[in-house]
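The next block holds one structure in the form of structure tokens; read it before the comments.
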Amino acid sequence: MNIECFKQECQALLAEACVCNVPEERNESSNAENETAVDGELDVPRSNAFGHDFRDFEKESMRNAIVQECYRKNHIYQTCEFANKKKEEYGKLNKAEMSIWECYELLKDYVDESDPDLDEPQIDHLLQTAEAIRRDHPHEHWLHLTALIHGKVLLHPAFGEETQWCVVGSDTFPLGCAFDNNIVHHQFFKENPDSRNPAFNTKLGIYSENIGLDNITMSWGHDEYMCLVAKGNNTTLPPAGLFIIRFHSFYAMHRHGAYTFLMNDEDKEMLKWLQVFNKYDLYSKSKVKINQEEVKPYYLSLIKKYFPEKLKW
């Protein structure tokens, strides 16, 4: 499906969808776990699974200590050279051959160490996101499936058993140019070799104005890998689906407006869909589990529509 056809198909929904970012400041008058604030179709919880504000990276807790250490290593070791080597290695798609659902089920034992909002296995988070979108946007089947497949399977031994700091990455960022202050735990970049490289530490670095995000090297992780897998297996997901998969962790851009000087017109169009998706990816996290067997037939039908039976990973 080309970009123009996709725009026409989605125009009506985008007109109704709330694509604005959720404000950083929240009403703290009540800490009731079940209190919500309406944001478009989505009821946004006031607090996360631990009773704190969402994406509160400063709250002192055992969970945030784990999160901070994950970010520290990520920001030190994610260099342009590192990311390009990983992209070349995993772009060969020679790690495994299996279906989307088989791969999805491998995530039942993995918890994202970079996430301050949830310590449940990834399989639960993905279903929560997909089902929340399905409830509010029942006709956008491609978006339901996109939510289901943005997981962290690189942690599994069959895929290299990578460490958390180079897989999960709650915040991804461009490499080859200066690190923006809006990236969470920005202070750790001072130990990253690229921050001292004059070719990389200016605003544009190795890029040109409005070059387009397709031409940017992003920090390596599950986002980049899943996009490589989807493209390499000739998915029929629309362009916005691939954009969401690759950039859903790029918070500095879609939440704070950083790096817009690298975006082209197509990126800005796709950003609208990413902002719709992001609300569900972030605010659907909870301790309430979805019955996997009840919803499995529906998602298997979507996988069959948009992907081959077996994929190369």
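For the cross-link pairs Lys86/Lys289; Lys152/Lys304; Lys268/Lys289; Lys87/Lys268, which exceed 31 Å when the distance is taken from alpha carbon to alpha carbon? Table pairs above 31 Å Cα-Cα are Lys86/Lys289; Lys268/Lys289. Only Cα pairs under 8 Å and 6+ residues apart enter the sum, and on that basis the relative contact order of the range 58-312 stands at 27 percent. For the range 126-190, the direction-averaged projected area of the alpha-carbon convex hull comes to 6.6 nm². Tell me the carbon and sulfur percent of the accessible area for the range 58-312, rounded to whole percent, probe radius 1.4 Å. Roughly 49 percent, rounded to a whole number.
Over all orientations, the range 58-312 has a Cα convex hull whose mean projected area works out to 12.8 square nanometres.
Sorting check: for 257-263, 68-74, 172-178, which peptide has the highest mean count of neighbouring beta carbons within 10 Å, and how do the rest follow?
Listed from highest to lowest mean packing, they are 172-178, 68-74, 257-263.
Only Lys, Arg, Asp and Glu count, each charged at its Cβ (+1, +1, -1, -1), so figure out the dipole size of the range 223-313 about its Cα centre, rounded to 20 debye.
Value, rounded to 20: 320 debye.
Residues in the range 58-312 average 41 Å² of solvent-accessible surface per residue, probe 1.4 Å, ligands and nucleic acids excluded.
The values are calculated or read from the model by the stated rules, or taken from the named source; none is laboratory data. Since the structure is predicted, the reported quantities are computational estimates derived from the model, not experimental observations. Positions of Cβ are generated from backbone atoms using ideal geometry, with glycine treated the same way; all protein chains shown enter the neighbour counts. Protein only, heavy atoms only, side chains kept; ligands, DNA and RNA dropped before computing areas. Shrake-Rupley method; radii C 1.70, N 1.55, O 1.52, S 1.80 Å.
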